[in-house]
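What follows is calculated from the coordinates using simple rules that are stated; it is not laboratory data. The structure presented is a predicted model; accordingly, all values stated were derived computationally and were not measured. Cβ atoms come from the backbone with ideal geometry, glycine included; neighbour counts cover every protein chain shown.
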Amino acid sequence: MISEDNPVTTLHLAIFASGRGSNAQAIIDYFRNHKSIQVRLIVSNKSHAGVLDIAHREAIPSYVIKDRASFEQGKKISKYLSGYKIDYIILAGFLWRIPENLIDRYKQNILNIHPALLPKYGGKGMYGQHVHQAVSAAGEVQSGMTIHLVSPQYDEGKIIFQKTVNINAHEDPKIIAQKVLGLEHRYYPTTIEKYILQHQKTSG
Ligand code: GAR
């Protein structure tokens, strides 16, 4: 029950993205008036990423990581996230590996989306169009999306949600991308919400 003795604490999300940010936009839209979850920060490793225009338009603070070596040490970004009291990190097309000390600090609190049905078509170099090209070349008749917790290895953390979509064998990778992106926009925000609310209950 919500009362003055038991106020709802707001949980803060940081979205990490390297590209145009259509998933970031879907997440921002979904949580715009949410009673306990707020998108607090956008982080990108690309100074011209479309996601930074979204942050600007939405008046959400943004942070551009300039130095990969320093990012990999994890100290600076960790301090930055503390400044914004970030509770969960949401990767939405972020192409750098997350430093281990950040994974340790945010254990169970970093989610990633992958545009295929892991464990197939994951791992280093498997992102965006590369994934859809591989799925098409293999003649798959289904693809889909996977949401998983982040571990030190690319695309290997615990899977928390998957959704499939039918495709034609050797379908144009651009069509596969469109179909998968539709699923991502529809299911990433709701899965984030469900996961966080459940995780808050079980982690005390
Ligand atoms: C999304 O399809 C996401 O699944 C993918 O990048 C795209 C970002 O699109 N992520 C990966 O490939 C990670 N391995 P967006 O910038 O429009 O949200």
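Sorting check: for 44-55, 158-169, 110-121, which peptide has the highest mean count of neighbouring beta carbons within 10 Å, and how do the rest follow?
Top of the packing list down: 110-121, 44-55, 158-169.
Run the reach check for Lys179 against aspartates and glutamates, Cα to Cα strictly under 16 Å, same-chain hits fewer than 8 apart removed. What comes back?
Reachable aspartates and glutamates: Glu140, Glu171.
As a test, work out the antiparallel percent of DSSP beta bridges whose residues both lie in the chain, rounded to the nearest 5.
45
As a test of the definition: which semi-axes, in Å, follow for the chain when you take the square root of five times each eigenvalue of its alpha carbon gyration tensor? Largest first, please.
Result for the chain: semi-axes of 28, 20, 16 Å.
State the number of lysine pairs found in segment 1-83 whose Cα atoms come within less than 25 Å, restricting to pairs 8 or more positions apart or on distinct chains.
Qualifying lysine pairs in segment 1-83: 7.
Based on the Cα coordinates of segment 74-167, what is the per residue volume of their convex hull in Å³?
Residue-normalised Cα hull volume stands at 88 Å³.
From the Cα gyration tensor of segment 1-115, with a ≥ b ≥ c the square roots of its eigenvalues, which class applies: rounded if a/c is under 1.5, or else prolate if a/b is larger than b/c, or else oblate?
Cα axes put segment 1-115 in the oblate bin.
Relative contact order (percent) for segment 17-69, with alpha-carbon contacts under 8 angstrom and 6 or more residues of separation?
RCO, segment 17-69: 39 percent.
Computed over the Cα atoms, what is the radius of gyration of segment 131-173 divided by 2.2 N^0.38 Å, N being its residue count?
After normalising by residue count via 2.2 N^0.38 Å, the value is 1.32.
Using 7 Å Cα-to-Cβ label points, what is the Trp96/Asp29 separation (nm, one decimal)?
2.9
Magnitude of the Cβ-charge dipole of the chain, K/R +1 and D/E -1, about the Cα centre, nearest 20 debye?
It comes to approximately 300 debye.
Given 10 °C and 1.306 mPa s, compute D for segment 112-204 with the Stokes-Einstein relation, Rh being the Kirkwood radius over Cα pairs; round to the nearest whole µm²/s.
Diffusion coefficient, whole number: 117 µm²/s.
Could you tell me what % of all Cα pairs in segment 94-146 have separations over 17 Å?
43
Measuring from the lowest to the highest alpha carbon on each principal axis, how far does segment 149-197 reach, largest first, in angstroms?
36, 25, 14
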